[in-house]
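Notes to accompany the following structure.
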Amino acid sequence: MSAVLVTGGSGFIGSHAIVQLLAAGHQVRTTVRNLARERDVRELVRAGGADPGGRLTVVAADLERDAG
């Protein structure tokens, strides 16, 4: 399957999109504003019935700075 980027993975729509994409067999990369939210994202995905395993990557994206 393909690799997909989901922005805002800790949000309602983002986390549900991640669950559906993982269930379909995709590799998923998602952004959060703070990496401290990675655990929350993984818990939301598991609660939604998907196993993130090694197919979910979480990266920080600070939209208020050019480096982010």
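List the relative contact order of the chain as a percent without decimals, with contacts defined as Cα pairs under 8 Å and 6+ residues apart.
34
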Under unit Cβ charges (Lys, Arg +1; Asp, Glu -1), what dipole magnitude, rounded to 20 debye, does the chain have relative to its Cα centre?
-> 120
So how much slack lies between His16 and Asp66, counting 0.36 nm per residue of separation and subtracting their Cα-Cα distance, in nm?
-> 15.2 nm
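No value in this document is a laboratory result; all are computed from the given coordinates. All of these numbers come straight from a predicted model, not from anything done at the bench. When we count neighbours, we look across all protein chains shown, and the Cβ atoms used for this are built from the backbone with ideal geometry, even at glycine.
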